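Report on the structure given below.
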Amino acid sequence: MGKSVADFHPTRREMLTVLAPAKLNLTLEVLSKRRDGFHEIRSVIQTINLSDSLRFQPSRKLTFKSNLPGWLPEKSLVARATSLLQQVTNCAKGATIEVNKSIPLLSGLGGDSSDAAATLLGLNRLWELALPPGELVELARQLGSDVAFFLDGGTALLEGRGEIVTPLPPLPYHWVILIIPPVARLLGKTKQLYDSLSATDYTDGQITQRLVETLKARRKFTASLLFNVFEKVASAQFPGLEACREQMLKAGASYVHLAGSGPALFSLLTDRTQAEELHTRLKQSKLESYLAETLANIEKIG
């Protein structure tokens with residue numbers, strides 16, 4: 001199993017490392033459009049061990065670095081999380097923040113939100129701010145709908161616009177096969193997908209409730225419990241998405257689902273050998289494929 005988002009690794013050089021895992025929406029229902037312009041959702045969300053890694057070191061000024069040329073601090077929640085912490089605490093300390101990206105950008109896997117949560121956790125420790133978990137949750141909610149979830153990770157129910165997080169019993173252990181289709185990934189895609197939905201696409205939350213009850217009762221998890229409302233509109237947003245889905249099915253995946261707002265696609269397997277063989281076939285087909293595992297362990301910051 002991988003490590004949780006809250007696993008810190010200090011070194012003799014006063015460096016902190018925080019892992020920022022990706023997520024899957026096992027269900028994603030839209031119930032209605034809210035007066036504030038957001039949408040009311042119900043979603044069961046799950047962390048996986050495909051993770052970014054953020055390193056924090058003391059410094060006299062703020063410096064952001066990344067291993068990925070396309071990553072820009074001014075377009076990332078990492079910089080916003082840093083600024084928010086400074087404003088709220090009046091902290092004048094600096095830091096060097098190195099963001100090592102493994103989660104593909106704008107893929108529907110929650111990388112930027114997870115990085116933001118890792119930034120709150122890392123700087124709270126590095127700057128010795130001693131903010132309690134409740135205050136970190138409130139700051140996370142200001143940054144984005146699902147940032148609060150990533151403070152703990154694991155398996156959880158998200159409600160409201162995604163900022164209301166209720167921990168759930170862990171999803172039974174699965175291997176995860178991910179594909180990143182070779183399609184354009186644009187800023188604002190999530191809003192475009194929401195705007196593409198009509199009232200007929202809205203549901204009453206019972207699909208998510210079935211999965212919640214299954215997890216709580218420790219009943220057998222099946223693929224029939226998975227649901228993502230964006231499946232209905234994603235093909236128009238991402239031309240070529242369905243061709244990649246067909247490739248996954250032909251390679252041996254028994255089912256394929258959209259990850260969040262896409263364009264990533266995923267399938268869950270319980271057998272390691274089958275998962276590795278499917279991953280190999282997809283790589284041989286020249287697809288951008290990742291083999292990961294569900295991440296159930298949750299550690300909170302004291």
I want to verify a result. In a Gaussian network model of the chain, Cα cutoff 10 Å, which of these has the top mean-square fluctuation: 64, 56, 227? 64
Rounded to the nearest 20 debye, what is the charge dipole size of the chain about its Cα centre when +1 sits on each Lys and Arg Cβ and -1 on each Asp and Glu Cβ? 420 debye
In degrees, nearest 10, range 0 to 90: what is the angle between the Cα axis of helix 241-251 and the longest Cα principal axis of the chain? 70 degrees
For the chain, what is the per residue volume of the convex hull drawn over the alpha-carbon atoms, in cubic angstrom? 133 Å³
Set Lys and Arg Cβ to +1 and Asp and Glu Cβ to -1, take the dipole of segment 169-302 about its Cα centre, and tell me which of 193, 179, 221 lies farthest positive. 221
Nearest 500 deg cm²/dmol is fine: what mean residue ellipticity at 222 nm does the chain get from its DSSP H runs of n ≥ 4 alone, each adding -39,500 (n - 2.57), divided by its residue count? -8500 deg cm²/dmol
How far is it, in nm, from the label point at residue 173 to the one at residue 187 when both lie 7 Å from their Cα along the line to the Cβ? 4.1 nm
Using +1 on the beta carbon of Lys and Arg, -1 on that of Asp and Glu, and nothing else charged, what's the dipole of segment 16-167 about the Cα centre, debye to 20? 400 debye
Shape of segment 9-140 from its Cα gyration tensor (a ≥ b ≥ c, root eigenvalues): rounded if a/c is under 1.5, otherwise prolate when a/b > b/c, or oblate? prolate
Segment 175-293 shape via C-alpha gyration tensor axes, a/c threshold 1.5: oblate
Over the chain, calculate the relative contact order: mean separation of alpha carbon pairs under 8 Å at least 6 apart, over the residue count, as a percent. 26 percent
Cross-link table 75/191; 33/220; 23/250; 189/232; 101/232; 75/101, entries beyond 23 Å C-alpha to C-alpha: 33/220; 23/250; 101/232
Under 14 Å Cα to Cα from residue 65, which aspartates and glutamates show up? Leave out anything in the same chain fewer than 8 places away. 52, 74, 98, 115
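Bear in mind that the values in this text are calculations on the coordinates, not laboratory data. Quick caveat, the model's predicted, so the values are computed rather than measured. Ideal geometry is used to build each Cβ from the backbone, glycine not excepted, and the neighbour counts take in all protein chains shown.
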